[in-house]
Amino acid sequence: MTLPIVVGVDGSEPSLRACDWAADEAALRGVPLRVVYASLWEHYEGTSIAEDLAKPDEQVMAEDIVDTAARRARRRQPELDVSVEVLAEEPEYALVRESRSASLLVTGTRGRSGLAEALLGSVSLIVAGHAQCPMVVVRGNHDNQAQAGTHGRIVVGVGEKPAGSAAVRFAFEEARRRGVPVDAVRAWRWPAHETTDHPLMSGEPARLHEQQAVEAL
């Protein structure tokens with residue numbers, strides 16, 4: 001079974017740029033693209049197109065959002081197999097569930113709410129901590145950067161136990177796919193309980209951490 005790339009969209013420009021990146025990546029990998037919009041919508045009163053369709057306003061808008069994103073993806077990659085899904089639930093839960101049957105989960109940095117925590121939007125930040133597959137958060141304008149040979153390298157942060165690390169495996173797979181080298185980086189914070197006040201201890205803790213970093217790399 002070929003697992004799709006899933007991209008979460010909400011109509012915002014960052015999410016549409018993420019859809020562009022996901023479309024290029026899906027074409028590069030030869031897998032389908034699944035465009036998902038998730039939100040808990042309310043029923044509104046009043047005259048609108050939604051009433052004629054017997055649907056909530058938000059659902060009509062959601063369907064327009066995924067259709068627009070799908071058309072954009074197909075224009076970008078005409079041969080790509082694209083499907084859409086509108087889910088009436090919290091986006092954090094929906095995207096985490098979608099990640100269970102995806103080869104890659106893609107989101108933008110900030111959505112329509114304009115919220116931001118750290119460098120990620122609130123939804124992306126939560127999903128990144130619970131996703132069951134690799135996740136890419138697209139920042140800025142990444143036009144065509146999923147194509148082979150566009151980037152010069154893949155950078156991976158190495159932890160204390162890199163053997164069998166999912167991040168390391170992902171980095172090498174992406175580097176092989178794109179034909180670029182891997183740069184492995186190991187960084188650490190100085191433990192608060194260590195001190196170099198004593199002249200006999202000066203330099204020893206630093207050398208110990210450096211040696212551990214060298215071994216990890």
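Applying a 10 Å radius around every beta-carbon, put 5-15, 205-215, 20-30 in order of their mean neighbour count, most first. Please list the in-between numbers first.
Values: 5-15: 23.9, 205-215: 11.9, 20-30: 21.9.
Averaged packing, sorted descending, gives the order 5-15, 20-30, 205-215.
Name the residues whose placed amide hydrogens come within less than 5 Å of the amide hydrogen of M135, ignoring near sequence neighbours (fewer than 5 apart) on the same chain.
L105
Highest mean first, how do 66-72, 176-182, 165-171 rank when packing is the count of other Cβ atoms within 10 Å averaged over residues?
The densest-packed peptide leads the list: 66-72, 165-171, 176-182.
D81 versus Q212, label points 7 Å from Cα toward the beta carbon: distance in nm?
With each label placed 7 Å out from Cα toward Cβ, I get 4.7 nm.
So how long is each side of the stretch 56-105 along the principal axes, counting just the alpha-carbon atoms, biggest first, in Å?
31, 30, 11
Just so you know, all these numbers are worked out from the coordinates, no wet-lab data involved. Just so it is clear, the model here is predicted, and its values are computed rather than measured. Note: ideal-geometry Cβ built from the backbone for every residue, glycine included; neighbour counts use all protein chains shown.
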